[in-house]
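Worksheet: one structure, shown below.
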Amino acid sequence: MATGEASARLPVTAWSALAIADQVRRGTITAAEVLEAHLEQVRSRNPALNAIVTLTEEEAREQAAGIDASIAAGAVPGPLAGVPFTVKDLIATRGVRSTAGSLILRDHVPAWGATAVERLRAADAVLLGKANCPEFGLAVHTSNRLFGETLSPLGPGLSPAGSSGGDASAVAAGMAAFGIGTDYGGSVRVPAHCTGLAALRPTPGLIPGTGQLPFPPNPSRPPWPGAEPVGPGTSLQARLQSIAPIARRVHDLWPLLQAMAGPDGIDSNAVPATLGHPDRVSVAGLAVAWCAGDGSFPVRADLVQAVESAADVLAGLGATVIARRPPGLDRAEQVYAALRGIEGLPQHRALVAGREAELTGYARELIYAEPGRPAEPATLRELTAAADDLRAEVAAFMLQWPILLMPVASVPAFPPGTAEFRVDGHVLTAPQMESCCRAVTLLGAPATVVRCGSSREGLPVGVQVVGRPFHDAETVAVAAALEGHVE
């Protein structure tokens, strides 16, 4: 949907973030009017969905009023003027309760906020509230002991997935124009796929990871510093997890990345990089490979068909297209799982020590799944070398085929609490179901998710557009081209 006349034919709660910002800047609608429309949607939809768990209504009204007053005084508003958004409760927000879905942090109100969120506020986006997540983001369905279960607006028997399921549910229900989640093994990509939204997992390091919970423990003080911002540390999760946007439309993703990107002097993993722009990418000039999955676990045939159909669209637009899986990709999920298992969750253990009984069952199992002792150096060296080798194989392949289309998950949206997923006679666990995402994570590659059709049940089917590290603009450009042709 374009800005201007096209957006005016729809309710404001269906507008893209770009359309909202454009109309607020033009003065055809006020930030206060935009906010009240979304708050009305919150009042109507949130009681049943339980997507937003901490509503910042009064603060949002103050911010919207300030934006309108500045515009009336002739000031130039920020690029996201008046756009309401949610933030995953796994991310620290200044002055707003930030719990990571845990009873242990039920009253945690940080004195500082994640760099990414502070930058969005500075761009005049309006923080509407915190969105639910599984405890510490450790499950594929969004539910915890503190706030309960979040449901999908697509149907009462469907999960928005996880772990950024609260943001996905809020955006899909028209309660927010975009959400800010995190993505490690697929935590914005799978929810976008399950709710028919667009999402971008940026190249790790583009957006500072400062403010993701839990903070790394410091031997000189308790695990929860109060006054000063804390980076994510140097763990595998800190290096591969990205703060990531989820939105109604693909073209909303790029300005969100632009607003959040760049080193902050706190996260040592954040890097300066030239972003480029999707508008400068010629889809017709790209070489594209597509595959039916990462090669480790099966994907339902109707979801594979959506990937093939997307490849056909790109071929019709002039791209060179081939059906081929990059060499080494079939080993990525196994290496990812092994490295993640060896690392364990030491930051979580430091935080919950002595309060284990307060944890949700799945969180307790995962936090204490590993013995908590360092891996043998030889084993760690072997796995690290395996990861480097397969990254090199895939990188060499993507020099010739810089865009890779593949499924997001093995199944479409599923009922809440599903623990096993049946595909072609195979029974998959939740991590296995999202193996396509986990494989991409290990590569350190960017991936944009776009809806490319429907499942046999009529549910949304997303496709991952995977690119080379720091070529995020190409993935967004291709996804935008696909979104325009699916509709």
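The values are calculated or read from the model by the stated rules, or taken from the named source; none is laboratory data. Here the structure is a predicted model, which is why all the values come from computation and not from measurement. Every residue, glycine as well, gets a Cβ built from its backbone with ideal geometry; the counts of neighbours run over all protein chains shown.
Just wondering, is there one or more residues in the stretch 351-363 that are within 22 Å of the chain's Cα centre (by Cα) and more than 28 Å from Q212 (Cβ to Cβ)? No, the conditions are met nowhere in the stretch 351-363. Of the listed requirements (1) in contact with a His (Cβ under 8 Å, 6 or more places away or on another chain); (2) closer than 22 Å to L314 by Cβ, G417 misses just one: (2).
When R97 is tested against (1) touching a helix residue (DSSP H, G or I) at 6+ places or on another chain (Cβ under 9 Å); (2) among the basic types (K, R); (3) surrounded by fewer than 16 Cβ atoms within 10 Å (Cβ to Cβ), exactly one condition is not met: (3).
Would you check which residues across the stretch 274-307 are farther than 25 Å from V461 by Cβ and either polar (S, T, N, Q) or surrounded by 16 or more Cβ atoms within 10 Å (Cβ to Cβ) (or both) and list them? If the condition is that a residue be farther than 25 Å from V461 by Cβ and either polar (S, T, N, Q) or surrounded by 16 or more Cβ atoms within 10 Å (Cβ to Cβ) (or both), then T274, L275, G276, S282 are the ones that fit. Across the stretch 308-346, the qualifying residues are those that are closer than 22 Å to G453 by Cβ and of a type in the set (K, R), and the one among them that is surrounded by the most Cβ atoms within 10 Å (Cβ to Cβ) is R325.
Residue pairs whose Cβ atoms lie under 8 Å apart, separated by 6 or more positions or on different chains, with the first residue in the stretch 40-55 and more than 21 Å from P134 (Cα to Cα) and the second at pLDDT 95 or above, are Q41/T13; Q41/A173; Q41/G174; Q41/M175.
Only one of the numbered conditions (1) more than 20 Å from the chain's Cα centre (by Cα); (2) surrounded by 22 or more Cβ atoms within 10 Å (Cβ to Cβ); (3) over 23 Å from A238 (Cβ atoms); (4) of a type outside the set (S, T, N, Q) is not met by L103, and that is (2).
Summed over the stretch 182-216, the residues that are within 16 Å of S152 (Cα to Cα) and buried (at least 24 other Cβ atoms within 10 Å of the Cβ) give a count of 11.
Within the stretch 455-480, the set of residues being closer than 13 Å to A310 by Cβ and polar (S, T, N, Q) comprises Q464, T475.
Each row is one residue, and each column tells you yes or no for (1) at pLDDT below 95; (2) crowded, with 20+ Cβ neighbours inside 10 Å; (3) more than 29 Å from L213 (Cβ to Cβ).
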position: A2; (1), (2), (3): yes, no, yes
position: S7; (1), (2), (3): yes, yes, yes
position: A14; (1), (2), (3): no, no, yes
position: R26; (1), (2), (3): no, no, yes
position: E33; (1), (2), (3): no, no, yes
position: A37; (1), (2), (3): no, no, yes
position: R43; (1), (2), (3): no, no, no
position: A72; (1), (2), (3): no, no, yes
position: P77; (1), (2), (3): no, no, yes
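Among the hydrophobic types (A, V, I, L, M, F, W, C) and touching a Leu at 6+ places or on another chain (Cβ under 6 Å), is that true of A396? For A396, the condition - among the hydrophobic types (A, V, I, L, M, F, W, C) and touching a Leu at 6+ places or on another chain (Cβ under 6 Å) - is not met.
The residues of the stretch 252-284 that are under 26 Å from A14 (Cα atoms) and assigned to a helix (DSSP H, G or I), listed by number, are D252, L253, W254, P255, L256, L257, Q258, A259, M260, P278, D279. May I ask you to verify whether F414 is more than 28 Å from P469 (Cβ to Cβ), of a type in the set (F, W, Y), surrounded by 18 or more Cβ atoms within 10 Å (Cβ to Cβ) and in contact with a Cys (Cβ under 9 Å, 6 or more places away or on another chain)? Taking the combined requirement at face value, the residue satisfies it. The set of residues in the stretch 391-421 that are part of a helix (DSSP H, G or I) and not basic (K, R) comprises A392, E393, V394, A395, A396, F397, M398, L399, Q400. Each residue in the stretch 400-428 was checked for being free of Cβ contacts under 8 Å to residues at least 40 places away in the same chain and under 24 Å from V450 (Cβ atoms), and 1 pass. Only one of the numbered conditions (1) buried (at least 20 other Cβ atoms within 10 Å of the Cβ); (2) over 23 Å from G196 (Cβ atoms) is violated by E420, and that is (1). Checking each residue in the stretch 395-425 for being hydrophobic (A, V, I, L, M, F, W, C) and either within 17 Å of R456 (Cα to Cα) or within 23 Å of the chain's Cα centre (by Cα) (or both) picks out I403, L404, L405, M406, V408, A409, V411, A413, F414, A419, F421, V423. Only a single criterion out of (1) under 30 Å from E420 (Cβ atoms); (2) without any contact (Cβ under 8 Å) to a residue 40 or more places away in the chain is not satisfied by G231, namely (1).
Residues in the stretch 163-213 that are basic (K, R) and in contact with a Pro (Cβ under 8 Å, 6 or more places away or on another chain): R201 only. Out of the stretch 424-457, which residues are among the small types (G, A, S) and in a strand (DSSP E or B)? A447, G453, S454, listed by residue number. For beta carbons closer than 6 Å, sequence separation of 6+ or different chains, a first residue in the stretch 461-483 that is surrounded by fewer than 24 Cβ atoms within 10 Å (Cβ to Cβ) and at pLDDT 95 or above and a second that is in a loop (DSSP other than H, G, I, E, B) and of a type in the set (S, T, Y), the qualifying pairs are P469/T203; F470/T203. Out of all the residues in the stretch 231-251, which are in contact with a Gly (Cβ under 8 Å, 6 or more places away or on another chain), part of a loop (DSSP other than H, G, I, E, B) and not polar (S, T, N, Q)? Within the stretch 231-251, G231, P232 qualify.
Within the stretch 458-471, the set of residues being assigned to a strand (DSSP E or B), touching a Pro at 6+ places or on another chain (Cβ under 8 Å) and of a type in the set (A, V, I, L, M, F, W, C) comprises V461, V463, V466.
Elements of the type helices (runs of 4 or more DSSP H) sitting completely within the stretch 1-108 and holding at least 3 residues that are of a type in the set (D, E, K, R) and more than 30 Å from P415 (Cβ to Cβ): these cover 17-26, 57-72.
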